[in-house]
Each structure stands twice: as C-alpha cells, then as structure tokens.
Ligand code: 8X3
C-alpha cells in the first residue's frame, strides 16, 4: 500500500488515505448487486459498455458467471462474485477482496406477496426488510471506505416508486422500500463534504423475467396479470439506462432522486390498460 494524497479535497476528515497502486492505475470499478437477472444484469451490461470494470454480485453463481463470461468474450472487464447481501460476513469478505470501488449499485431486492396488511406474513415482511434495507446497509457500509478512497465515489440505491407512496397489497414491500429511500436520504446528508454522492433511482412498473414471478411465488398467470394491457412497461434496459446516465454525470452533479415510470403508469393506482 502507498500512502498518497487524495485526488481531490474530500472535506475535513484527514488529508491522506491509503490507496493501493492497483486502485490508482486500474479502471473505474462498478459493483452491481443482484446482477443475476433483470435490472441488475442489464445494469452490469450497460456499465461494462460504458467502460467500467464491473463486479457482478448475486447469490446465483451460475448466472453471474455466465453473464461475466459473455461480457468478457465481448472484450469487457467483468468479474462474477457470488454474494448474498444479507450475509454480513460474506459482504465483509467481498469488500476485503476488492482493490477498488468507484460506483456501487445497490440493486438486490424484491417483493414477496401482495396480501393486505391484515393478512401479511411477518416472515415475508422480515425477508423483504432484510434484502431491501439491510442488504443495502451491509454492502454500502462495507464499501464506503473504498468509495471515499476513490476520491469520487457514487452510491446508487435502486429503490422503487413503492418507496414514495402506498398501494393496497404493497404492505411489506412498500415499508421496505420506504426504508431504502430513508437510508439513501440519510446517507446523503451524512456524507456532505465527502467525495461520495448518493443517487436514488425509483422505478415504477418494470417488466422483468422475475420480479412479479417472485412476488407471486411462481404463479405465472398472476405475475403476467400485473402487466396485462399495458402497452409498454419499462424494461430492465430502460432502468439501466437511467443508472448509466446518473452515474456518468460529472462528479459534482448529484442526481438525488430519479423517478422513472412507463408513460402508461402515472401513479401506482392509475395505469392505462388497453383492452
Ligand atoms: C416495483 C414497483 O409498483 O410493483 O418496485 O411496487 S411496484
């Protein structure tokens, strides 16, 4: 390790940082959690195309290894790292193994069930809080030293429009995503003066292969019903596009919050469906 001045003034907390030679010389590195499918996989692809070295993290090793292999064959610099964001020891080991982190995209998350509050299963609510809030906390805490040490770090929290309003049946997911929104806003306040920006991206209706299927525990008919008649729900690529746009703004520009929905969805409860 070399002890070098930070690349730019980073506020009052200390003038020097330990920065590895690899970190000074290597490519900007983006970590994407939940990169095995949907928005995470699309974001990993898109950030690789933008020139980042991408660390694709997710529980399902086979899927991220396939994604990394495919992107490496296209000439991109992508590493697969099997990771459960709710396992703090695994997250700490992951952080210790990284030589550099410039961008962290906290994408891992999801919904379980659409029961009214009166019938919701507390186990589902806990599981949603674990992945959507504690998972973000775990990875962000573990990578914050590297993000700060980069001199220009970016934390992205993929929340949801469910973090900005309520809807019937949303219960535990709405509560968890409000938690993710609160975490992002609090962290932004706490990092004022540090060289790390915090971006929250809140997508509305996005049709991915798994989000709705997971929510309805594999019931394909119910899962498809969510998008029925909606001409063009957002795609994972649409959301990855907003992530790429936000993280590639000049580092003094902080996109605090970006809400993105399909044109057909103007609110949680008002969606245009063609019959
Ligand atoms: C997904 C959006 O409407 O299913 O985060 O809550 S919604």
Check: With axes computed from alpha carbons, what is the tilt in degrees of helix 38-49 against the longest principal axis of the chain, rounded to the nearest 10 within 0 to 90?
Finding: 30 degrees
Next item on the list: Please give the contour-minus-distance gain from residue 167 to residue 99: 0.36 nm per residue of separation, less the Cα-Cα distance, rounded to one decimal in nm.
Entry: 20.3 nm
Notebook entry, point to check: What is the calculated FRET efficiency for residue 88 to residue 192, with r their C-beta to C-beta distance and R₀ = 22 Å, to the nearest 0.05?
Noted result: 0.25
Next item on the list: Grab every C-alpha pair in the stretch 27-260, bin the distances at 5 angstrom width from 0 up to the longest one, and report whole percents.
Entry: 1, 7, 15, 20, 21, 17, 11, 6, 2, 0, 0
Item checked: Segment residue 222-residue 245, length gained on full extension (0.36 nm per residue, minus Cα span) -> 5.0 nm
Item checked: Angle in degrees between helix 236-247 and the longest Cα principal axis of the chain, rounded to the nearest 10 -> 30 degrees
Next item on the list: Could you work out how far helix 171-190 tilts from the main Cα principal axis of the chain, as a 0 to 90 degree angle to the nearest 10?
Entry: 20 degrees
Notebook entry, point to check: In the Gaussian network model of the chain, springs joining C-alpha atoms below 10 Å, which of 57, 41, 223 carries the largest mean-square fluctuation?
Noted result: 223
Check: So what is the relative contact order for the stretch 17-147, in percent, with contacts set as C-alpha pairs under 8 Å and at least six apart?
Finding: 25 percent
Next item on the list: Give me the distance between the Cα centres of the stretch 196-246 and the stretch 63-132, rounded to whole Å.
Entry: 16 Å
Next item on the list: Could you check which residue among 31, 255, 105 shows the biggest mean-square fluctuation in a GNM of the chain with a 10 Å Cα cutoff?
Entry: 255
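All of the numbers you see were taken from the coordinates with simple rules; none came from a lab. The structure displayed is predicted, hence computed values, not measured ones. Note that we place each Cβ from the backbone using ideal geometry, even for glycine, and neighbour counts take in every protein chain shown.
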